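J.: Could you have a look at this structure, given as structure tokens, before my questions?
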Amino acid sequence: MGDRIRRWCQTGPGCVGPISHHCAGKVRDEAAINLNPEIDDLVPSEAALRQSVSDPACASSFPKVLRRRLDDFFSDGNISPKADRTMWVKIAVGLAVLAGSWIALYALKPDSWRFVGLYLINAIAQTFLLLNIAHDSNHNAISSVRSVNKALNYVFDVCGISSYMWRILHHRGHHSCINLHGEDDALTGRRLLRFTPHEPRARLQRFQHIYALLLYALFSLDYVFLRDFECFFFPSHDYLRNTKHPVREYVILLAGKTFYLTYMLILPVVLLGKSALLVGLSFLLAHLIIGLSVALVFQTTHCVDSTYFPLSRGEFDNGIYHIFATTADYATTNPLVGWLAGGLNHHVVHHLCPFVCHTHYAPLTRIVKETAEEYGIPYRQHRTMTQAIKHHLLLLKQLGNEDQVSLLKRLDSEA
């Protein structure tokens, strides 16, 4: 399977593939995959992501040309890569709906059905904020002023998820090792789901394409009640076991969880007199919406039947090739999907430019498509999100019904 991916890396002109020995080693650490964040930040610096190759022999390479064109979009147009007016409007709308729904709950004191309706509007606002605001701020993509990003980071904590732990898992456990078994945290399936052919297959997983959506609906509940605590106190990854978390982050973890569960579960019972059963069912339904929405937005970008699952970090001479092999876009010409999903449907650009605000992704994706076509580099995409979900479930079905050796042989034969 590795040979299959290496073959397409050799199709473009110039220094584009792993077999281009005159550039091998010189470009290995360029740009988007070289992440080694400081513990006090956990977000890679923009300079680290823009490291360039000084050897003129590599000046026409696909990674070099693509990086230059993406940078030129901002410099030639005198455009800031951070939040534009559209982004600030999204921030204002998201926070207003979140706050407004709770103000309406306590000001109007609605009956049971209206209570559930307002509660679910709040859940939709949380979903919108997680995808559009929290994700960008934790990439330092909203503002060049660090304190602004750090303040908006806490949207995660307001939604019951540790922003500190999410940054570690997302930056160290995903962006630096996309689709890499044992390292990419996004491939963690708790033995219930198999996301990579390099993971042993369990008998139950032959049905995973059927029950996966149900488990995705529990995704945010898992983070609120289990995952954050497991990562702090019972870490499974080496980078978590080797990290000494600041005491303040333990305090913020407990304070954030207490605050979230208080305003979501306790206050409606105490102040509004709603039954614990009604509030509990509303809470569960809210998280089914949040969990399913967020999980599908992310899972359809890496775990589809056309993406690649490398065996090691060093399998590609350049991190940009790693991104193109392991990442897929969807619905990039649908502005509504991009607006609701925080631009994460433009996922190739997100991994190439994680420090750029997502409201710039659409024109950057056009640059990526054109440059990839020019150099003969496969660019993976699905026309709609529905298609992306279908191909994600097809991958789950394949992984659930074939063991590693047979699956890899079949994929190689299809290459």
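The values are calculated or read from the model by the stated rules, or taken from the named source; none is laboratory data. Quick caveat, the model's predicted, so the values are computed rather than measured. Please note: Cβ atoms are built from the backbone with ideal geometry, for glycine as well, and neighbour counts cover all protein chains shown. Ligands, DNA and RNA are stripped out before the accessible areas are found, and what is left, the full protein with its side chains, is counted by its heavy atoms. Shrake-Rupley method; radii C 1.70, N 1.55, O 1.52, S 1.80 Å.
The rows are residues; the columns are (1) open to solvent by 10 Å² or more (accessible area, probe 1.4 Å); (2) touching a helix residue (DSSP H, G or I) at 6+ places or on another chain (Cβ under 8 Å).
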position: R313; (1), (2): yes, yes
position: D317; (1), (2): yes, no
position: H322; (1), (2): no, yes
position: A331; (1), (2): no, yes
position: L336; (1), (2): yes, no
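J.: What number goes with the only condition from (1) modelled with pLDDT under 95; (2) hydrophobic (A, V, I, L, M, F, W, C); (3) within 30 Å of L396 (Cβ to Cβ); (4) surrounded by fewer than 23 Cβ atoms within 10 Å (Cβ to Cβ) that W102 does not pass?
T.: (3)
J.: If we only count helices (runs of 4 or more DSSP H) wholly inside region 212-293, which ones have 3 or more residues that are touching a residue at least 40 places away in the same chain (Cβ under 8 Å)?
T.: 219-222, 228-233, 247-261, 267-272
J.: Looking at T332, is it in a helix (DSSP H, G or I) and either over 19 Å from Q387 (Cβ atoms) or in contact (Cβ under 8 Å) with a residue 24 or more places away in the chain (or both)?
T.: No, not satisfied.
J.: Which numbered condition trips up E374, out of (1) closer than 28 Å to I290 by Cβ; (2) part of a helix (DSSP H, G or I); (3) not small (G, A, S)?
T.: Here E374 clears every test but (1).
J.: Any chance you could count how many residues in region 105-131 are open to solvent by 40 Å² or more (accessible area, probe 1.4 Å), within 16 Å of I289 (Cα to Cα) and out of contact with any helix residue (DSSP H, G or I) (no Cβ under 6 Å at 6 or more places or on another chain)?
T.: Residues meeting the conditions: 1.
J.: Considering every residue within region 189-206, establish whether at least one is of a type in the set (A, V, I, L, M), surrounded by 18 or more Cβ atoms within 10 Å (Cβ to Cβ) and in a helix (DSSP H, G or I).
T.: No: zero hits.
J.: Right, next: Could you please give the count of residues in region 249-272 that are over 30 Å from the mean Cα position of the chain (by Cα) and open to solvent by less than 60 Å² (accessible area, probe 1.4 Å)?
T.: Matching residues across region 249-272 total 4.
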